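Please read the structure below before turning to the comments.
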Ligand code: PMV
């Protein structure tokens with residue numbers, strides 16, 4: 001009798017940067033998002049107990065969930081329940097920083113959902129859509145996730161996204177040269193989204209005007225991208241940052257990173273993601289890319305380059 005190990009199924013997904021439209025996308029406006037080249041890789045196998053190994057953290061799912069269950073365990077439980085999967089042991093490796101506005105949790109959710117649907121398919125079981133399971137995972141962390149991160153993680157490339165609709169693929173007329181910097185550790189997306197919601201209840205007219213302003217910038221940015229007008233696209237990104245400052249989601253360090261990128265010749269710069277820390281993003285021309293990289297790196301920031309076409 002052979003004692004074969006259970007078969008391993010793999011899934012992967014990418015992180016993202018939001019070019020324009022974060023926070024407003026939660027309220028039904030469009031956002032433009034670009035998938036990164038890196039993200040998360042998951043491996044799963046059938047097991048007697050459901051378990052998730054996330055980096056160095058091990059989350060074992062008890063039969064009955066306890067009130068003390070950590071978010072990652074709750075999220076894994078929600079993902080398995082949405083997929084109708086039984087006990088699965090999973091291991092995830094992350095290739096981007098977590099909690100920095102780069103969509104790490106969505107990349108993990110999509111990678112896990114892909115790996116688990118692979119396992120279900122091999123057993124001849126129905127394979128529900130990855131998106132629903134990834135959103136169930138994401139909602140445990142975000143509370144009120146728009147779905148922009150999971151859409152980017154699933155589809156990659158450059159997308160126009162509106163809540164509840166299928167994402168539209170965008171084709172930039174000229175490749176976008178982007179530089180991303182990890183400026184400081186990020187705040188929780190849930191807390192940042194709730195903060196905007198609270199300020200919106202307190203000052204509805206002012207906050208809605210800001211959110212509408214962001215929506216208007218996104219509407220202008222999409223044709224810029226499609227006709228290759230990167231000068232205007234960059235200006236719209238910088239204006240988007242100014243509105244995010246007024247929404248109350250930027251930090252002095254993010255503002256300084258944006259300012260220094262613009263002073264180094266970037267076409268546009270902004271925070272990306274929920275804010276409260278995390279990453280800054282700059283749109284650059286080839287000629288000034290090394291200036292921006294040098295400026296950011298000389299202030300001690302870790303940087304990545306991304307070309308989107
Ligand atoms: O999780 P983050 O930091 O990438 O933020 C996602 C973008 C938000 O608009 C702030 C939230 C959402 O669900 O759209």
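Numerical summary
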{"quantity": "Extension reserve of the residue 291-residue 307 stretch, reckoned as 0.36 nm per residue once the Cα distance is removed", "calculated": "4.1 nm"}
{"quantity": "Mean Cβ neighbour count within 10 Å, used as a protection proxy, ranking 215-221, 161-167 highest first", "calculated": "215-221, 161-167"}
{"quantity": "Relative contact order %, region 9-162, counting alpha carbon pairs below 8 Å whose residues are six or more apart", "calculated": "35"}
{"quantity": "With Cα atoms, 0 to 90° folded angle of helix 204-227 axis to the chain main axis", "calculated": "90"}
{"quantity": "Distance between region 269-284 and region 129-161 - C-alpha centres, whole angstrom", "calculated": "19"}
{"quantity": "CD proxy at 222 nm, helix term only [per DSSP H run n ≥ 4: -39500 (n - 2.57); per residue of the chain; nearest 500]", "calculated": "-14000 deg cm²/dmol"}
{"quantity": "Proportion of all alpha-carbon pairs of the chain beyond 25 Å (%)", "calculated": "48"}
{"quantity": "Region 197-215 versus region 32-102: alpha-carbon centroid distance in Å", "calculated": "34"}
{"quantity": "Over region 126-212, volume per residue of the alpha carbon convex hull, in Å³", "calculated": "162"}
{"quantity": "Additional length obtainable on full extension of the chain from residue 64 to residue 191, 0.36 nm per residue less Cα span", "calculated": "42.9 nm"}
{"quantity": "Burial order of peptide ranges 41-47, 279-285 (average beta-carbon count within 10 Å, highest first)", "calculated": "279-285, 41-47"}
{"quantity": "Residues 18, 108, sorted so that the one with the fewest Cβ neighbours within 10 Å comes first", "calculated": "18, 108"}
{"quantity": "Contour excess over end-to-end distance, with Cα ends at residue 202 and residue 231 and 0.36 nm allotted per residue", "calculated": "6.8 nm"}
{"quantity": "Burial ordering of 140, 25, fewest other beta-carbon atoms within 10 Å first", "calculated": "140, 25"}
{"quantity": "Rg to Rh quotient for region 186-276, alpha carbon positions, Kirkwood Rh", "calculated": "1.00"}
{"quantity": "Choice from 199, 38, 74 showing the highest fluctuation, given a GNM over the chain with Cα pairs closer than 10 Å", "calculated": "199"}
{"quantity": "Nitroxide proxy distance, nm - points 7 Å out along Cα→Cβ at residue 144 and residue 263", "calculated": "3.7"}
{"quantity": "Angle in degrees between helix 189-202 and the longest Cα principal axis of the chain, rounded to the nearest 10", "calculated": "60"}
{"quantity": "Among 144-154, 286-296, 118-128, the order from most to least packed when residues are scored by Cβ within 10 Å on average", "calculated": "144-154, 286-296, 118-128"}
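A short reminder: the numbers here are calculations on the coordinates, not readings from a lab. What you see is a predicted model, and the numbers here were worked out from it, not measured in a lab. Reconstructed Cβ throughout: ideal geometry from the backbone, glycine too, with neighbour counts over all protein chains shown.
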